[in-house]
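Readers should treat all values here as calculations from the given coordinates under stated rules, not as data from a laboratory. Bear in mind the structure is a predicted one, so any value in this text is a computation, not a measurement. When we count neighbours, we look across all protein chains shown, and the Cβ atoms used for this are built from the backbone with ideal geometry, even at glycine.
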Amino acid sequence: MAEAGVRTIPIRNPRTGATDFELPVTPPEEVARKAARLRENQKRWAARPLSERIAVMRRWSGELVAHAKAIGAADGADTGGCHTSQFTAFIAVANISGWCEDAEPALARAHVSGPSITMPTVEIRSQLVPYPLVGVISPWNAPMMLSLLDAVPALFAGCAVLLKPSEVTPRFVEPLMETVRRVPELAEVFDVVLGDGRTGQDVIANVDLICFTGSVPNGRKVAVACAERLIPCFLELGGKDPAIVTETADIDRATTAVLRGGVYATGQVCYSVERIYVHESIHDRFVEELVRKAQQVRLNDRDPLDGHIGPFIFVRQPEIVEAHLRDAVAKGAKVLTGGVTETLGGGLYMRPTVLTDVNHSMIIMREETFGPILPVMRYRTVDEAVELANDTMFGLTASVIAGSEAEALPIAERLNAGSVNVQDTFLTFAKLRRIGTHSFGVSGLGGSRTGPDSIMRFLRRKAIMTNHGAPASILDDKPADVAGPRR
């Protein structure tokens with residue numbers, strides 16, 4: 001129960017439709033108090049050798065494993081229950097374990113030491129200084145995983161972290177913070193505040209750097225607020241991710257990949273496939289097979305662990321999806337399967353929905369839908385397919401499926417997206433520890449959140465310069481000495 005006088009937010013259960021959780025909103029003065037405490041404690045955290053921070057994070061990993069069942073249950077209650085929820089603590093452990101291996105070599109690569117090229121008597125040494133307090137504002141899809149994706153490397157870098165999770169999916173916070181409390185050194189520099197957009201504004205007002213994951217409209221608001229304070233912000237925003245299927249593609253492979261890429265987690269993933277361009281020579285066969293496979297996908301309304309896709313997490317999301325569908329149908333699109341929101345046990349579900357006769361005048365081909373929608377559009381030439389795929393304000397991921405890798409790769413290189421899947425979709429997890437990427441368009445802002453060098457987002461590089469020779473004298477300066485006084 002919330003304390004008397006504390007503002008609360010009722011939280012809906014996505015499976016039952018019932019309001020079964022009450023979120024106490026952290027008051028602005030409490031946000032400021034927590035931020036001040038974290039900022040003070042961060043000095044000791046940053047002063048620890050990296051090896052000590054790694055040891056603390058390893059102990060946290062052990063607590064996450066010990067509490068994995070409770071965390072999975074809470075994450076499942078937040079999201080309506082899906083297979084990923086059951087593994088969310090282990091995903092966090094993998095994230096931490098990866099940084100235990102990657103942090104030291106990444107920071108070593110960033111270090112510079114040696115003589116100046118332009119002034120040989122000067123020795124230069126770099127110092128990496130962590131931002132004292134990082135604010136993380138996370139979204140309602142995959143709440144636990146996405147809350148820690150940025151928080152973990154920030155902690156390894158020596159920052160303190162203040163997390164504001166989505167008010168739509170807050171149940172995971174208590175079991176997560178129980179694991180943090182069991183590691184006192186971590187609890188000193190990692191804390192959570194609860195609330196809605198107003199609380200997010202309070203976080204921005206009290207931190208030194210923001211990592212935000214969410215919609216483009218909210219991302220713009222975050223960017224403006226950070227600009228007013230002149231603090232860095234790293235934004236991971238929406239997608240309208242295309243898939244190109246060429247005339248030589250294996251239809252069975254292509255439909256399997258596209259179906260999973262479009263409807264996994266009911267399409268509530270930023271890198272879901274939301275536009276499909278298929279060569280006209282195989283379009284009809286592709287659609288027929290896609291419909292057949294889509295109709296085999298089962299809802300998990302009876303059992304979260306039995307079935308393929310779950311309910312909409314956010315109660316307003318089906319309204320957005322339905323509005324996109326209505327606009328498409330009004331402009332000539334045909335719905336071949338799915339397309340209806342079903343209320344089952346209080347939860348809101350939609351089966352995989354295949355559309356044809358779509359075009360770029362339709363909202364469903366231009367704005368993020370975030371639902372299990374598969375709009376298929378035919379094309380004539382590869383140039384046309386590339387033009388259609390790049391005709392978007394987004395640029396998060398894209399996919400190309402062709403008869404061979406040799407055919408697909410040149411197409412992939414022409415697409416404006418931070419990550420391009422070749423001969424498949426939904427390969428984002430493959431890149432996490434290997435390569436950093438940047439989003440195109442409005443899909444993101446700032447440095448990469450993947451790859452070993454993504455830890456550098458949380459550090460400022462300082463140069464310490466020592467002159468081993470005589471200092472320059474103003475009396476020796478001559479106008480002709482454009483390169484500086486001669487020794």
Does anything in the stretch 345-384 have its amide N under 16 Å from the 7 Å Cα→Cβ label point of GLN295, and if so which residues? 351-356
Can you compute 3J(HN,Hα) from phi for each residue in the stretch 71-77, using the Karplus curve 6.51 cos²θ - 1.76 cosθ + 1.60 with θ = phi - 60°, rounded to whole Hz and x for Gly and Pro? 5, x, 5, 5, 4, x, 5
Obtain the nm distance between the two label points defined at SER113 and THR16 by a simple spin-label model: each point lies 7 Å from its Cα along the Cα-to-C-beta direction. 6.0
Given contacts defined as C-alpha pairs under 8 Å and at least six residues apart, what's the relative contact order of the chain, whole-number percent? 17
Can you sort TYR349, TYR379 by how many other beta carbons sit within 10 Å, fewest first? TYR379, TYR349
Could you point to the residue in ALA46, SER281, THR425 farthest towards the positive end of the chain's charge dipole, with +1 and -1 charges on the Cβ of Lys/Arg and Asp/Glu respectively? ALA46
First select every other residue whose beta carbon is under 12 angstrom from the beta carbon of THR466; then total the charges, Lys and Arg +1, Asp and Glu -1. 0
Taking MET350, MET393 and counting other beta carbon atoms within 10 angstrom, the fewest-first order is MET393, MET350
Counting only residues 5 or more apart in sequence or on a different chain, those whose built amide H sits under 5 Å from that of THR337 are VAL354
Where the centre of each part is set by its Cα atoms, how far does the stretch 222-279 sit from the stretch 1-45, in angstrom? 31
Taking every pair of distinct Cα atoms and averaging 1/r, then inverting, what Kirkwood hydrodynamic radius in Å comes out for the stretch 19-92? 15.2
Assign one of three labels to the chain, namely rounded, prolate or oblate, based on the Cα gyration tensor with a ≥ b ≥ c the square roots of its eigenvalues; rounded applies when a/c is under 1.5, prolate when it is not and a/b is larger than b/c, and oblate otherwise. oblate
Residue by residue through the stretch 350-359, what is 3J(HN,Hα) from phi via Karplus (6.51 cos²θ - 1.76 cosθ + 1.60, θ = phi - 60°)? Round to whole Hz and write x for glycine and proline. 9, 6, x, 10, 9, 10, 10, 6, 9, 8
Collect residues whose amide H, placed 1.01 Å from N in the peptide plane, falls under 5 Å from the amide H of ASP241; neighbours closer than 5 in sequence don't count. GLU274, ARG275
Under the Karplus relation 6.51 cos²θ - 1.76 cosθ + 1.60, θ = phi - 60°, what is the ordered set of whole-Hz ³J(HN,Hα) values for the stretch 436-453, x standing for Gly and Pro? x, 9, 10, 7, 9, x, 8, 6, x, 8, x, x, 5, 9, 10, x, x, 7
Relative contact order of the stretch 10-156 (C-alpha contacts under 8 Å, at least 6 apart) in percent is 23
Under 5 Å between amide H atoms, partner at least 5 residues away or on a different chain: which partners does LEU23 have, H built in plane at 1.01 Å? ILE9, ILE11
May I ask you to derive the relative contact order of the stretch 213-345, considering only C-alpha pairs under 8 Å and at least 6 residues apart, and to give it as an integer percent? 19
Nearest 500 deg cm²/dmol is fine: what mean residue ellipticity at 222 nm does the chain get from its DSSP H runs of n ≥ 4 alone, each adding -39,500 (n - 2.57), divided by its residue count? -11500 deg cm²/dmol
How far apart, in nm, are two points set 7 Å out from the Cα along the Cα-to-Cβ line at THR337 and at GLU288? 1.4
Bridge type composition, the stretch 241-431 - antiparallel percent by DSSP, nearest 5: 30
What residue among MET350, ILE244, VAL400 has its Cα farthest toward the positive end of the dipole of the stretch 241-431, where the charges are +1 on Lys, Arg and -1 on Asp, Glu, each on the Cβ? MET350
Cα Rg over Rh - the stretch 241-431, Kirkwood: 0.95
